[in-house]
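Comments concern the structure below.
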Amino acid sequence: MPKSSLQLALARQWELLKKLPPRGPGLTASQITAWLKEQGYLVSKRTVERDLIELSATFGIVCNDKSRPYGWHWMPGKQCDFTSIDLTDAVSLVVAESILSKLLPATMLDALKPKFELAKTKLAAMENHRYARWTEKVRYVAAAINLIPPKVDGNVLAAVHEALLQDVQLKIRYLSPNSKKAKELTVHPLSLIQRGATPYLAATAHDYPDVRLYAVHRIRRAEITNLKVVPPKGYTTDQYIDAGAMEFGGGASIQLKAWVTIELAIYLAETPLSMKQTIQSKKGRFLLTAEVKDSWQLHWWILSQGEGITIVSPAHLRDGIHKTLKTAAAKYT
């Protein structure tokens, strides 16, 4: 039997065993065949009957032949723990593995690894099924330039994960971007947030109430303590992100007004900057008005649009962008 056919037969029999009930009257061969077809296994009733007879020689399954139609079930105390997944779960796990591997603690990933491998095996066994081919047809590509992730110390990341799980404080040595020497800090870990290629730890330091971001790759050492985390009152990860923290700003909202080109106007009409946005056409020009967070990320986005956008207000933003562009242009003269 070819390798692909053998894999398909094993996957089918695995699903069959998983489906059988723990007691009589059991499921008939016809019922099992119909269920397998729903899962993508196009088999005949005769094939299922042969599978059942073959498996009964190895596993504790039996045919209830006391009344017709005959039903198959597990013998008392013989049911195996077949931790498995269906076809749609397999597709979802394969697609999600690369993302989950960045967010989940090592202990959780270790528990999921058998699931990931089982998902890949299942898709390989059913390579001709339309669902199994889905993973070949979908990809996620970031809208920004594709950056190589920073190198993160595995021991540090494991300590961060464990501290978050246990709600305990961490002693860390942290090297700030503009420092030459790492500082010793005791932090209260609150959230681990993946921003693009970089993971950040949101935490308070010592007894200070303000939440700050610590790039995990800049943590040189992390030691778990037995002291409980004291979170700021009302803190939640979603509230922190919604306040604009991951845009590296103070969280203040501003009313942005700017002239934009027709190309940018079309793009922003389809993918708005915020829920509170309007674009007005005025004599061939387009005026963008939007309520946004005043942040480093906003400044970077405006600069990335080049001549496609001209800030009207607020004044401090217009002046800041003008100064940056003037300085940048001077370096090209």
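The values are calculated or read from the model by the stated rules, or taken from the named source; none is laboratory data. Just so it is clear, the structure is predicted and the values come from calculations on it, not from any experiment. So basically every Cβ, Gly included, is an ideal-geometry build from the backbone, and we count neighbours across all protein chains shown. In case anyone asks, the SASA skips ligands and DNA or RNA and just uses the protein heavy atoms, side chains included. Shrake-Rupley method; radii C 1.70, N 1.55, O 1.52, S 1.80 Å.
How many percent of all Cα-Cα pairs in segment 283-333 sit more than 17 Å apart?
When every Cα pair of segment 283-333 is considered, 37 percent fall beyond 17 Å.
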Checklist entry - Based on the Cα atoms of segment 184-333, what semi-axes does the equivalent ellipsoid have, where each is the square root of 5 times one gyration tensor eigenvalue, given in whole Å with the largest first? => result 37, 18, 13
Checklist outcome for this item: Heavy-atom accessible area per residue of segment 182-333, all protein chains kept, 1.4 Å probe, expressed in Å², is 62 Å²
Checklist entry - Of the listed peptides 29-38, 262-271, what is their order by residue-averaged count of other C-beta atoms within 10 Å, with the highest listed first? => result 29-38, 262-271
Item to check | Portion, in percent, of the accessible area of the chain that falls on carbon or sulfur, probe 1.4 Å | outcome: 56 percent
Next on the checklist: So for segment 152-254, if I pair up every lysine 8 or more residues apart or on another chain, how many of those pairs have alpha-carbons under 26 Å apart?
Outcome noted: 6
Checklist outcome for this item: For segment 118-255, the Cα-Cα pair-distance distribution in 10 Å bins from 0, as whole percents, is 10, 32, 27, 17, 11, 2
Item to check | Sparse-neighbourhood loop sites, trypsin sites (Lys or Arg not before Pro) in segment 106-204 - DSSP loop, at most 14 other Cβ within 10 angstrom | outcome: 130, 137, 139, 151, 180, 181
Next on the checklist: Given the DSSP H assignment, sum -39500 (n - 2.57) over each helix run of at least 4 residues in the chain and divide by its residue total; what's the result at 222 nm in deg cm²/dmol, nearest 500?
Outcome noted: -12500 deg cm²/dmol
Checklist entry - How about residue 323: which lysines have a C-alpha closer than 22 Å to its C-alpha, ignoring those fewer than 8 places off in the same chain? => result 257, 293, 331
Checklist entry - What ratio of Cα Rg to 2.2 N^0.38 Å holds for the chain? => result 1.45
Checklist outcome for this item: Partner aspartates and glutamates whose C-alpha sits under 15 Å from that of residue 326, ignoring same-chain residues fewer than 8 away, are 307
